[in-house]
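Report on one structure; see the data block that follows.
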Amino acid sequence: MTRTALTLQAANALDAAATLYGVRSGAMIEANPIMRSVIEAHPGAFVVAKLALVGLAGLLLWRLRAHQNARTAARVAAALQATVAASHLGWLVG
């Protein structure tokens, strides 16, 4: 579970950086309308909010790691976050 939690947090941080870079460069827009308003008004607050929200969700799943559903949810969340981060990097590099 620790590896899964670290993957989730690393992918989230990478996604936050790629999103911030992409939005600032005009290459992409934030799809989430709430986070879009945050990133447009206060880019630093966007990064803090994104890291904090996913961090808290990851912490909750880690605390519930004795339950199979929590472990499965953590793996799914990490895989989805890694996919999103990779797609953002692909858009920026490609």
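The values are calculated or read from the model by the stated rules, or taken from the named source; none is laboratory data. What you see is a predicted model; the values in this text were computed from it and never measured. Here the Cβ is made from the backbone with ideal geometry for all residues, glycine too, and neighbour counts use every protein chain on show.
Take the residues in segment 39-94 that are farther than 16 Å from R3 by Cβ and of a type in the set (F, W, Y); name whichever of them is surrounded by the fewest Cβ atoms within 10 Å (Cβ to Cβ).
Only one residue fits best here, namely W91.
Looking at (1) within 22 Å of R75 (Cα to Cα); (2) modelled with pLDDT of 95 or more, which is the one condition that is false for P33?
The number of the failed condition is (1).
Limited to segment 44-94, what total is found for residues that are under 26 Å from G26 (Cβ atoms) and not in a helix (DSSP H, G or I)?
Qualifying residue count, segment 44-94: 1.
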